[in-house]
């Protein structure tokens, strides 16, 4: 998952936020500029509920502008009654994206589009007039990692209702979190594939040492066993299974970061091939339900890999126009072999491989995805929003059952099932929050009904208490 570029809180940005790598054109215009339909879907649904003729929409962290392009195309197609949408984009200072400029030009054909620079927690001062819809994608892990941890998250949530009109909507998309009472609940995972063992050795010690994460308690200790003995994770060796006991949130971080590294290395071309990860060729499904697809790829001029590696791939592929196509399962298997060789080279500091590793590591290696299950996410937004500094109190909750959506990432889940004995589910979760006045008893009743299927009784009681007592 390569996330959208996000505008985050100021607290830690100067010392930790990797501005150069986060704002590089290869990241913003390519890697962070996919899934426009998914990023813009809820915002589009929200616009259709707005009765005002010229609705005001704010998108936090537009990145390469894929969601902006999607919205422009839908509005141009006449899918709803609005003829002029006033769009404000809020982006971190210093971000320059060619594709975002192009997206803004497209949106200018169906409405107005302005770009302001600032941070998510400052949205209350950046946006001076009440808005109808706020949209954001993958915002929470950026705010958590660079904007003050959970305190920064709660501060941001308290600010959102002060910017929205009463009855306005907040469209949010993020990575799905594992089910469970807490990400601190302990679990055991087994890693046998060589590339995963190498990744553990290179990534996990640094993440635990330098990342912004909540796993500091005595019960959060990461215990690693190999060959029936406890070993430091930076001393695990190849060729033998690794057994780790740790909070389940740690395993989620390992799994998600491995996937982002794999995508990053793919895009770099250092493995000798670059798959089509976006556009129509990225969705050539053999069986979409099971995540089985054909992968289209082109060759690069990388010469450090053994000739046999590229020859094996070509022998199993077919020519397709100006590139090649191969069964996705075969492509994944070849990728892990090549990735293992890449990590071995990067670990000893060899040239191009080390550079690609360091670029990814600087940009994402210390981030925490601040996962919240839907249960926790809904409760956190509801409770924190009632604590907003405003005269007319409101609460952020979904008012319809269909305002909460989970979408499996079937291709990645298929790969993970083949690579790990007990992988964690990979998916996206989307929530359309309404800014409900606490005086609107009908909307509150509908909202409580909507969250019942997602929330535990404990969190339902906490939300009920917050609505009735102000948090």
### Cα-projected label distance for residue 464 with residue 184, points at 7 Å along beta-carbon direction, nm
2.6 nm
### Query
Given the alpha-carbon gyration tensor of the stretch 36-135, what are the semi-axes of its equivalent ellipsoid in whole angstrom, ordered largest first, with each equal to the square root of 5 times an eigenvalue?
20, 16, 11
### Query
Angle between the Cα long axis of helix 36-49 and the longest principal axis of the chain, 0 to 90 degrees, nearest 10?
10 degrees
## Note on the structure
Dividing the mean separation of Cα pairs under 8 Å (6+ apart) by the residue count of the stretch 282-420 yields a relative contact order in percent of 25 percent
### Task
Enter the angle in degrees (range 0 to 90, nearest 10) between the Cα long axis of helix 410-419 and the first principal axis of the Cα atoms of the chain, meaning the one along which they spread out most.
40 degrees
### Task
Could you sort 208-219, 138-149, 330-341 so that the peptide with the highest average Cβ count within 10 Å comes first and the rest follow in order?
138-149, 330-341, 208-219
### Summary
Between residue 102 and residue 391, Cβ-based FRET efficiency (R0 51 Å, step 0.05) works out to 0.75
### Query
Which number do you get for Rg(Cα) / (2.2 N^0.38 Å) in the stretch 186-364?
1.12
### Task
Please list 151-164, 456-469 highest first by mean number of surrounding beta-carbon atoms within 10 Å per residue.
151-164, 456-469
### Task
Compute the label zone of residue 223 within the stretch 189-210: residues whose backbone N is under 17 Å from the point 7 Å along Cα-to-Cβ.
189-191
### Summary
FRET efficiency for residue 449 and residue 307 from the Cβ-Cβ distance with R0 = 51 Å, rounded to 0.05, comes out at 0.20
### Query
Can you work out the FRET efficiency for the pair residue 51 and residue 114, with r the C-beta to C-beta distance and R0 = 25 Å, to the nearest 0.05?
0.60
### Task
Give, in nm to one decimal, the length gained when the segment between residue 299 and residue 348 is fully stretched (0.36 nm per residue of separation minus the Cα-Cα distance).
15.1 nm
### Alpha-carbon spread of the stretch 117-211, three principal axes, descending order, Å
54, 27, 21
### Message
Sorted from largest to smallest, which semi-axis lengths in Å does the alpha carbon gyration tensor of the chain give for its equivalent ellipsoid, taking the root of 5 times each eigenvalue?
### Response
38, 27, 20
### the chain, relative contact order [Cα under 8 Å, separation at least 6], %
17 percent
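Every number here is computed from the coordinates shown, using simple stated rules; none is lab data. Not measured: the values here are computed from a predicted model. Methodologically, a virtual Cβ is constructed for each residue, glycine included, from the backbone with ideal geometry; neighbour enumeration extends over all protein chains shown.
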